[in-house]
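Engineer: For reference, the structure I am asking about is given below.
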Amino acid sequence: MANDKITVLYVDDEDNNLFSLKATFRIKYNVLTAVSGDAALEILDTIKVHIIITDQRMPGMTGVAFLEKVLEKYPDPMRILLTGYADMEAVVDAVNKGKIFHYLAKPWNEEELDLTIQSAYAKYLERAELKVTNQKLEVSNEQLEFLLRQKLLS
C-alpha cells in the first residue's frame, strides 16, 4: 500500500460493483472494499481513509445510515453517495445527515467518478490544512494569554 496514493473505501453489497470499481481504479488509488456498512466501519477502525464512496440501497444499513455513523466517529474522510435509484429523499438525507461531498448515479461514469474523487481529495487536504492552522492559532492564543497574565501579575 503506497502512502502517496489516495485511499478510497467503496461500500456496496454487490460484489460485481466492488470488483469493477477496484479494477478500474486500483492503479491510481488505494482501493478498499466492503460489502456492508458494518464491514466498512471495521476497516475504518484500522486504516486511515481519505474518501468514502457508498451505495445507498444495501440490506441491513442504508448508505445514509452508514454515513451518519461514519460522521460520528470519523468526520475527516470525504463522503460520496452512489446509487442506482433516483431516490431524491435519500440524496437529501445524505446531504443533511451524512454531510456528503457529492452524489453520483449508478452506473457511474468513470471520468466523472475520477474527477469527483480528485476534487473530494483536494477538499480533504484543504480541511486538514485548516485544522492544523486552527491548532497553531489555539496554541498561539494560549501563549499570548499566558504572557498577558504574567504582565498583569508583575
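Engineer: Check off (1) touching a residue at least 60 places away in the same chain (Cβ under 8 Å); (2) in contact with an Asp or Glu (Cβ under 6 Å, 6 or more places away or on another chain) for PRO77 and give me the number that stays unchecked.
Structural biologist: (2)
Engineer: Which condition number in (1) surrounded by fewer than 15 Cβ atoms within 10 Å (Cβ to Cβ); (2) over 17 Å from the mean Cα position of the chain (by Cα) is the one that ASN17 fails?
Structural biologist: Of (1) surrounded by fewer than 15 Cβ atoms within 10 Å (Cβ to Cβ); (2) over 17 Å from the mean Cα position of the chain (by Cα), only one is false for ASN17: (1).
Engineer: Filter the stretch 27-71 down to residues that are among the acidic types (Asp, Glu) and more than 12 Å from the chain's Cα centre (by Cα) and give me whichever is surrounded by the fewest Cβ atoms within 10 Å (Cβ to Cβ).
Structural biologist: ASP45
Engineer: Further, regarding this structure: Here is a list: ASP38, ASP12. Which entry is touching a residue at least 60 places away in the same chain (Cβ under 8 Å) and of a type outside the set (A, V, I, L, M)?
Structural biologist: ASP12
Engineer: Moving to a separate point now. Determine whether the stretch 81-96 contains at least one residue that is assigned to a helix (DSSP H, G or I), under 14 Å from the mean Cα position of the chain (by Cα) and touching a residue at least 24 places away in the same chain (Cβ under 8 Å).
Structural biologist: Yes.
Engineer: Would a scan of the stretch 129-145 turn up a residue that is among the hydroxyl-bearing types (Ser, Thr, Tyr) and modelled with pLDDT of 85 or more?
Structural biologist: yes
Engineer: Then there's this: Collect the residues in the stretch 105-138 that are exposed (fewer than 12 other Cβ atoms within 10 Å of the Cβ), in a helix (DSSP H, G or I) and over 13 Å from the mean Cα position of the chain (by Cα), keeping them in residue-number order.
Structural biologist: Those that are exposed (fewer than 12 other Cβ atoms within 10 Å of the Cβ), in a helix (DSSP H, G or I) and over 13 Å from the mean Cα position of the chain (by Cα): GLU111, GLU126, GLU129, LEU130, LYS131, VAL132, THR133, ASN134, GLN135, LYS136, LEU137, GLU138.
Engineer: For GLY63, indicate whether it is within 26 Å of GLU111 (Cβ to Cβ) and touching a helix residue (DSSP H, G or I) at 6+ places or on another chain (Cβ under 8 Å).
Structural biologist: Considered against the rule, which asks whether it is within 26 Å of GLU111 (Cβ to Cβ) and touching a helix residue (DSSP H, G or I) at 6+ places or on another chain (Cβ under 8 Å), GLY63 comes out as yes.
The values are calculated or read from the model by the stated rules, or taken from the named source; none is laboratory data. Note that the structure is a prediction, hence the values are computed from the model and not measured. So basically every Cβ, Gly included, is an ideal-geometry build from the backbone, and we count neighbours across all protein chains shown.
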